[in-house]
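Reading through the structure tokens given below for one structure.
The values are calculated or read from the model by the stated rules, or taken from the named source; none is laboratory data. Just so it is clear, the structure is predicted and the values come from calculations on it, not from any experiment. Positions of Cβ are backbone-derived with ideal geometry, glycine not excepted, and every protein chain shown enters the neighbour counts. Please note that ligands, DNA and RNA were not included when accessible areas were found on the heavy atoms of the full protein model with its side chains. Shrake-Rupley method; radii C 1.70, N 1.55, O 1.52, S 1.80 Å.
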Amino acid sequence: MATTTAAQHRELAKQRYDAFVAECPTRQLLDRISDKWVSLVLVALSDGPLRYAEINRSIAGVSPKMLTQTLRTLERDGLVERRITAEVPVRVDYELTALGRSLQPVMSVIKSWAEERMDDVLAARARYDGESKI
């Protein structure tokens, strides 16, 4: 049985997309989909295509610059499609691609979990902060 060097092991792991390997590109994807604006945009688009202004209205606190940047990165990653309709004024809609729709159930569950468990998290933080001052 042949042995592999550490460098060969890292290269093999990278080819298999092992997120525990530092050089694995899945880390970039995990970083992207764990971003709060990305997750909120994906959930906002779960019911169908929306115009930029509709997305902006549905996500309180997102700046126009951040929303534009988020939509562009999602489009680049193949999760969102931007459709331009020639009318006056020009209509631009954003919608989930098949790849984006495959991620949507996971994002919805995470959003729901956060909303349902926030009281538990706040209580844990209060306990922690109270104990760490002693």
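Here residue 73 passes the criteria (1) open to solvent by 40 Å² or more (accessible area, probe 1.4 Å); (2) of a type in the set (S, T, N, Q); (3) farther than 30 Å from residue 8 by Cβ except the one numbered (1). Among the residues in the stretch 113-133, are any surrounded by 14 or more Cβ atoms within 10 Å (Cβ to Cβ), more than 30 Å from residue 11 (Cβ to Cβ), charged (D, E, K, R) and out of contact with any Asp or Glu (no Cβ under 7 Å at 6 or more places or on another chain)? Scanning the stretch 113-133 turns up no residue that is surrounded by 14 or more Cβ atoms within 10 Å (Cβ to Cβ), more than 30 Å from residue 11 (Cβ to Cβ), charged (D, E, K, R) and out of contact with any Asp or Glu (no Cβ under 7 Å at 6 or more places or on another chain).
Of the residues making up the stretch 78-92, those that are at pLDDT 95 or above and outside any strand (DSSP E or B) are 78, 79.
Yes/no per residue for (1) under 17 Å from the mean Cα position of the chain (by Cα); (2) assigned to a helix (DSSP H, G or I):
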residue: 8; (1), (2): no, yes
residue: 19; (1), (2): yes, no
residue: 23; (1), (2): no, no
residue: 27; (1), (2): yes, yes
residue: 38; (1), (2): yes, yes
residue: 42; (1), (2): yes, yes
residue: 56; (1), (2): yes, yes
residue: 62; (1), (2): yes, no
residue: 69; (1), (2): yes, yes
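Taking into account only those residues within the stretch 76-105 that are closer than 14 Å to residue 45 by Cβ and of a type in the set (A, V, I, L, M), which is most open to solvent (accessible area, probe 1.4 Å)? So the residue we want is 99. Looking at the structure I just gave you, is residue 108 in a helix (DSSP H, G or I) and surrounded by fewer than 16 Cβ atoms within 10 Å (Cβ to Cβ)? Against the criterion (in a helix (DSSP H, G or I) and surrounded by fewer than 16 Cβ atoms within 10 Å (Cβ to Cβ)), residue 108 qualifies.
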